[in-house]
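Q: Below you'll find the structure I mean.
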Amino acid sequence: MPSEPQLGPPLHRAIDAVWRIESPRLIAALTRIVRDVGLAEDLAQDALVAALERWPRTGIPDNPAAWLMAAAKNRAIDLLRRNRLLDRKHQQIGYELESTRQLTPDDINAAIDETIGDDLLRLIFISCHPILSPEARVALTLRLLGGLTTDEIARAFLLAEPTVAQRIVRAKRSLSEAKVPFEVPQGEEFTARLASVLQVIYLIFNEGYSATAGDDWTRPTLCEDALRLGRILAELVTDEPEVHGLAALMEIQASRLNARIGPNGEPILLLDQDRGRWDQILIRRGLAGLERAEQLTRQPSPYVLQAAIAACHARAAAPEATDWSRIATLYGQLAQVTPSPIVELNRAVAVSMAQGPAAGLQLVDMLREEASLKNYHLLPSVRGDLLYKLDRLEEARAEFERAASLTRNAREQTFLLNRVRDCTTPTTRNSISRKIV
């Protein structure tokens, strides 16, 4: 794979913006032609290198997408000729490429536009193929569909760049060796594969919304990447409620990003946020998406239910106006659809807000022996908060200390240690932990 260009000041930043917009459909169209996602990305990268060499002298062309496609196709023809790939498959590819070599940029762009929706959808499904590990799916999706460099992906997830590069190379090799077809799956396979796609997009969003580790509590650029992917998918798959449910959930959650961080980067929890800073445009988009999802829903489904929970918060003008009983009911339905200790923990918080901390604590205590929550810092964090509200301060302090020892996020650890101090010298009661409700 060619080395990644390092984009710098004004013109290069403009080229970078063009690349972020156009690279997914460029790679998608090339994959359909050369039938290998790794080769398609290499050709797209070669076209970007050519643009970085040419455009500073000539300016960005009126139709940059068509220019990049033409450059990539010419590179593919030269590669096939040089390697003397004479088997039937590569001969056919060569004929297809040669037949378009003399087309004008407008002709090329029109040809791309004819199939771009299908090609993008195929690229999304192949990037999220279940033969790949979840980590590889995330990295490959951000690379191919987000237009991120390996360095950007590594920095976003606090990983070494060679680690990310190796994941991407192995993922493309796995897809090639398994001869995964560049197609949209059909029937029951479509449903299973779509679930993998939605999982990948939501994993990206959640890492941006609540960073697992590091010094920053949020990484908004990851949320933006996931949101863009969710919107693309909602435009391509129009009749699946879970697609619209996930898009709606991310829109509403993203509306709070500006209000979740204080002036020094400290966390501001849901009930303490200035709701005037919530992005109303994103909320309206999210509520519209939820309405669309509910119209399509034949039975309760996970992302639609989570979007409905987020909508309860979005519709409340003030914390005290929140319909906690409704939220608790929705979490109960979610627990039936996708049984999970984490869902039950969220339901316990909602019950505590609707019926009082004692009722919530009773449900939380039922989860203390759950093996999957043994090292999950939000369990002691929530339990500590409920004990604090019941004036059981020594027990609360121990829970907050345990939660602080389990989290890998520096901002969250500071917050939890402040809660420890609150238990020694009680101050204003803080609200519940961040990923809950």
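Q: Just by accessible area at a 1.4 angstrom probe, what is the order of 12, 377 from largest to smallest? Please report the intermediate quantities before stating the final value.
A: On the way: 12 55, 377 20 Å².
Final ranking, largest accessible area leading: 12, 377.
Q: Can you give the charge dipole size of region 160-269 about its Cα centre, rounded to the nearest 20 debye, using +1 on the beta carbon of Lys and Arg and -1 on the beta carbon of Asp and Glu? If you can, show how the numbers build up before the last one.
A: Details: 11 positive and 16 negative charges, 67 e Å.
Charge dipole, region 160-269, about its Cα centre: 320 debye, nearest 20.
Q: Something else: Under unit Cβ charges (Lys, Arg +1; Asp, Glu -1), what dipole magnitude, rounded to 20 debye, does region 256-305 have relative to its Cα centre?
A: Details: 8 positive and 6 negative charges, 41 e Å.
Charge dipole of region 256-305: 200 debye, to the nearest 20.
Q: Determine, for the chain, the count of lysine pairs separated by eight or more sequence positions (or lying on different chains) whose alpha-carbon distance falls under 26 Å. Working shown, then result.
A: On the way: 73/89; 73/172; 73/179; 89/172; 89/179; 374/389; 374/435; 389/435.
Eligible lysine pairs with Cα atoms under 26 Å apart amount to 8.
Q: Given a 1.4 Å probe and heavy atoms of the protein chains only, how would you sort 148, 390, largest accessible area at the top? Could the numbers behind the result be given before it?
A: Working: 148 10, 390 60 Å².
From most accessible down to least: 390, 148.
Q: Could you derive backbone 3J(HN,Hα) for region 390-397 from the dihedral phi with the Karplus parameters 6.51, -1.76 and 1.60 (θ = phi - 60°), listing whole Hz in sequence and x where the residue is Gly or Pro?
A: Along region 390-397, the couplings run 8, 6, 9, 5, 5, 5, 5, 4 Hz.
Q: Tell me which residues come under 5 Å, amide H to amide H, from residue 261 once H is placed; ignore anything under 5 positions away on its chain.
A: Residues meeting the criterion, in which the H sits 1.01 Å from N, are 268.
Q: So, with a 1.4 angstrom probe, what is the percent of accessible area on region 156-223 that is carbon and sulfur?
A: On the way: 1730 of 3340 Å².
So the carbon and sulfur contribution to the accessible surface is 52 percent.
Q: How far apart, in nm, are the 7 Å Cα→Cβ label points at residue 264 and residue 131?
A: 5.2
Q: Here is a further query. Rounded to the nearest 10 degrees, what's the angle between the helix 302-315 long axis and the longest principal axis of the chain, both from Cα atoms, 0 to 90?
A: Its long axis makes an angle of about 60 degrees.
Q: Another question, then. Could you please put 389, 179, 73 in sequence from largest to smallest accessible area, using a 1.4 Å probe?
A: Working: 389 65, 179 165, 73 25 Å².
Largest accessible area first, the residues go 179, 389, 73.
Q: Select from 372, 127, 381 the residue whose mean-square fluctuation is largest in a Gaussian network model of the chain (Cα-Cα springs shorter than 10 Å).
A: Taking springs between Cα atoms under 10 Å, the residue moving most is 372.
Q: Rounded, prolate or oblate: pick one for region 335-394, where a ≥ b ≥ c are the square roots of the eigenvalues of its C-alpha gyration tensor, a/c under 1.5 means rounded, and failing that, prolate if a/b is larger than b/c, else oblate.
A: oblate
Q: As a check on your grasp of the helix formula, calculate [θ] at 222 nm for the chain: sum -39500 (n - 2.57) over DSSP H runs of n ≥ 4, divide by the residue count, round to the nearest 500. Mind showing how you got there, number by number?
A: Numbers: 19 runs with 302 residues, N = 437.
The helix-only estimate for the chain comes to -23000 deg cm²/dmol at 222 nm.
Q: Tell me the carbon and sulfur percent of the accessible area for region 272-349, rounded to whole percent, probe radius 1.4 Å. Before the final figure, lay out the partial values.
A: Working: 1870 of 3900 Å².
On region 272-349, the fraction of accessible area on carbon and sulfur atoms equals 48 percent.
Q: Okay, next question. Per residue, how much accessible surface does the chain expose to a 1.4 Å probe? Answer in Å², no decimals. Provide the component values of the computation, followed by the final result.
A: Values: 20280 Å² over 437 residues.
Using a 1.4 Å probe on heavy atoms only, each residue of the chain averages 46 Å².
Q: Quick one: what are the phi-derived ³J(HN,Hα) couplings along region 279-295, Karplus 6.51/-1.76/1.60 with θ = phi - 60°, whole Hz, x for glycine and proline?
A: 7, 5, 5, 5, 4, 4, 4, x, 5, 5, x, 5, 4, 4, 5, 5, 5
Q: Take the alpha carbon gyration tensor of region 153-254, find the square roots of its eigenvalues, order them as a ≥ b ≥ c, and report rounded if a/c is under 1.5; if not, report prolate when a/b exceeds b/c, else oblate. Intermediate results must be reported in sequence, preceding the final value.
A: Details: a/c = 2.78, a/b = 1.12, b/c = 2.49.
Verdict is oblate for region 153-254.
Q: Highest mean first, how do 364-370, 62-68, 201-207, 14-20 rank when packing is the count of other Cβ atoms within 10 Å averaged over residues? Walk me through the numbers before you get to the answer.
A: Values: 364-370: 14.1, 62-68: 19.9, 201-207: 21.9, 14-20: 17.6.
Result, highest mean Cβ count within 10 Å first: 201-207, 62-68, 14-20, 364-370.
Q: Placing unit charges on C-beta atoms (Lys and Arg positive, Asp and Glu negative, everything else neutral), compute the dipole magnitude of the chain about its Cα centre in debye, rounded to 20.
A: Value, rounded to 20: 460 debye.
Q: Excluding ligands and nucleic acids, what accessible area in Å² is computed for residue 277 using a 1.4 Å probe, to the nearest 10?
A: 120
Q: Another question, if that's okay. Which whole-angstrom value gives the distance between the alpha carbon centres of region 31-79 and region 119-138?
A: When both Cα centres are located, 23 Å separates them.
Q: Oh, and also: What do you get for the angle between helix 105-127 and the principal long axis of the chain? Use alpha-carbon atoms, 0 to 90 degrees, nearest ten.
A: So the helix axis and the longest Cα principal axis differ by about 40 degrees.
The values are calculated or read from the model by the stated rules, or taken from the named source; none is laboratory data. Predicted model, so just to flag it, every value in this text is computed and none were measured. So basically every Cβ, Gly included, is an ideal-geometry build from the backbone, and we count neighbours across all protein chains shown. Quick note on the areas: whole protein, heavy atoms, side chains included, nothing else; ligands and nucleic acids left out. Shrake-Rupley method; radii C 1.70, N 1.55, O 1.52, S 1.80 Å.
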